[in-house]
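Before any comments, here is the structure.
Bear in mind these aren't lab numbers, they're just calculated from the coordinates by the rules spelled out. Computed from a predicted structure; not experimentally measured. Positions of Cβ are generated from backbone atoms using ideal geometry, with glycine treated the same way; all protein chains shown enter the neighbour counts.
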C-alpha cells in the first residue's frame, strides 16, 4: 500500500480519516453524532470500543463508512483467546475493520512467536470475515529496535496496517515513527498515524511521512480547515 498522492481537497482527506471516539465516558449520543458526521463527510471509518459495534453498524448501514472496533484495547495484555473472542464478536456485530493492540510486554521480552501468533489469530479472523486488521504497536513504549521488530512481525502475520498508538499511552504519533514504520513495511501494507493529530497541517505532514490512514477525534475540525484552504 503505497503512500497517497498529495492531497488538495477535503474529500481525499476525509477518505483517510478514521473518525474516532474511544474515551470510556462516551455515550450513545456521542456515538450517534460521530456516525452522522462520518456519513456526511465520508470518513474512512468510525472507530469505537466493541460495546458500540451493533449500534454503529446500524447507523452506518448502506453507507461507505466502515464500522471499526478496537481489540485488546488499550493495553494489549489480554490472552490471545480473549482477543480472538472479542474480535469475532465485533465481526459478528458488523465490524469491517479491527484495530488490535499487540502483546507489548511479549515484544519487549523477545517472545516474538507469542506476539506473532497473537497478531495472526486476530488478522486471520478479520480476513475470514472479509475485514481488515490494523496492528497497534504503541510506539511511545518501544525503542527503535522494538518498533522495527514489531512492524516486521505484523507484516509476517498478515496485518493490513501497522498503527502508531492507542492514544492512551504517554505520547501519540510522531513523524519520525511513521517514517520509520513506512521504511520497514515498504509498500506492502498501510501505516496508520494515530494519537494527538488535530489539525490539517499535521495530517498533511503525516501523509508526507508515509501514513495512509489517520486516526483522529478531530476529523470535523480537520475537514473544516481543508475546505477553507482548498475551497472544496
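Observations on the model:
- Cβ pairs under 6 Å, 6+ apart, first in the range 202-223 and on the phi > 0 side of the Ramachandran plot, second surrounded by fewer than 21 Cβ atoms within 10 Å (Cβ to Cβ) and in a helix (DSSP H, G or I): 210/179
- Total residues in the range 96-110 satisfying the condition of being assigned to a helix (DSSP H, G or I) and within 11 Å of residue 74 (Cα to Cα): the figure is 1.
- Residue ID - surrounded by the fewest Cβ atoms within 10 Å (Cβ to Cβ), chosen from residues in the range 140-159 that are under 15 Å from the mean Cα position of the chain (by Cα) and in contact (Cβ under 8 Å) with a residue 40 or more places away in the chain: 159
- The listed residues are 110, 114, and the only one of them that is touching a helix residue (DSSP H, G or I) at 6+ places or on another chain (Cβ under 9 Å) and at negative phi turns out to be 114.
- Residue that is surrounded by the fewest Cβ atoms within 10 Å (Cβ to Cβ), among those in the range 165-175 that are farther than 9 Å from residue 139 by Cβ and free of Cβ contacts under 8 Å to residues at least 60 places away in the same chain: 170
- You will find that of 107, 7, 16, the residue that is surrounded by fewer than 21 Cβ atoms within 10 Å (Cβ to Cβ) and either closer than 18 Å to residue 166 by Cα or in contact (Cβ under 8 Å) with a residue 24 or more places away in the chain (or both) is 7 and no other.
- Restricting the range 31-51 to residues that are within 21 Å of residue 86 (Cβ to Cβ) and without any contact (Cβ under 8 Å) to a residue 24 or more places away in the chain, the residue that is surrounded by the most Cβ atoms within 10 Å (Cβ to Cβ) is 34.
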